[in-house]
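Reading through the structure tokens given below for one structure.
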Amino acid sequence: MTDPDVRRVCFLLKVKSDRLEAYRRDHEEVWPEMLDALSRHGWRNYSLFLRPDGLLVGYLETPDWEAALAGMQDEEVNARWQEAMKDYFEALGDANADESMQPLEEVFHLA
């Protein structure tokens with residue numbers, strides 16, 4: 001059964017090919033205060049999948065995507081995390097990774 005109060009969000013980013021191993025290592029132990037902040041702001045079942053060419057697929061469930069993002073913008077730990085992650089990604093320009101997450105359109109879901 002699908003929960004109507006949960007939005008499934010999937011997004012794509014691109015990790016630089018020469019930074020894949022370092023990116024993986026940094027996600028082996030995400031800062032506990034970052035995990036707490038994500039949980040507080042409604043990020044549930046949050047997963048990242050990395051393809052060998054650097055394509056990063058993110059998936060999460062949240063009651064309100066815009067509120068989940070906005071809540072993290074007020075977290076000091078998020079500013080530090082985004083700064084630490086910035087050099088891992090291709091084509092962000094002056095944006096942080098969390099500002100570049102554009103949800104994909106869900107066209108099918110088997111509940």
Quick one: is Asp98 closer than 26 Å to Arg25 by Cβ and under 15 Å from the mean Cα position of the chain (by Cα)?
yes
Quick check: is even one residue across the stretch 57-65 under 23 Å from Leu92 (Cα atoms), of a type in the set (Ser, Thr, Tyr) and touching a helix residue (DSSP H, G or I) at 6+ places or on another chain (Cβ under 9 Å)?
no
Taking the stretch 70-88 only, how many residues are at pLDDT 95 or above and either within 12 Å of the chain's Cα centre (by Cα) or over 22 Å from Pro32 (Cα atoms) (or both)?
3
Evaluate the stretch 37-48: report whether one residue or more is more than 12 Å from the chain's Cα centre (by Cα), surrounded by 12 or more Cβ atoms within 10 Å (Cβ to Cβ) and within 17 Å of Arg7 (Cβ to Cβ).
yes
Within the bounds of the stretch 72-91, is there any residue that is touching a Phe, Trp or Tyr at 6+ places or on another chain (Cβ under 7 Å) and either exposed (fewer than 11 other Cβ atoms within 10 Å of the Cβ) or closer than 17 Å to Cys10 by Cβ (or both)?
no
Quick count over the stretch 89-100, residues being at pLDDT 90 or above and assigned to a loop (DSSP other than H, G, I, E, B), is 1
Every residue in the stretch 32-69 that is of a type in the set (Phe, Trp, Tyr) and either at pLDDT below 95 or within 25 Å of Ser17 (Cβ to Cβ) (or both), please.
Tyr46, Phe49, Tyr59
Would it be correct to say that Val107 is exposed (fewer than 11 other Cβ atoms within 10 Å of the Cβ) and among the hydrophobic types (A, V, I, L, M, F, W, C)?
yes
Matching residues in the stretch 37-60 - criterion: being part of a helix (DSSP H, G or I) and in contact (Cβ under 8 Å) with a residue 12 or more places away in the chain
Ala37, Leu38, Arg40
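The values are calculated or read from the model by the stated rules, or taken from the named source; none is laboratory data. Here the structure is a predicted model, which is why all the values come from computation and not from measurement. All Cβ positions, even for glycine, are placed from backbone atoms using ideal geometry, and neighbour counts span all protein chains on display.
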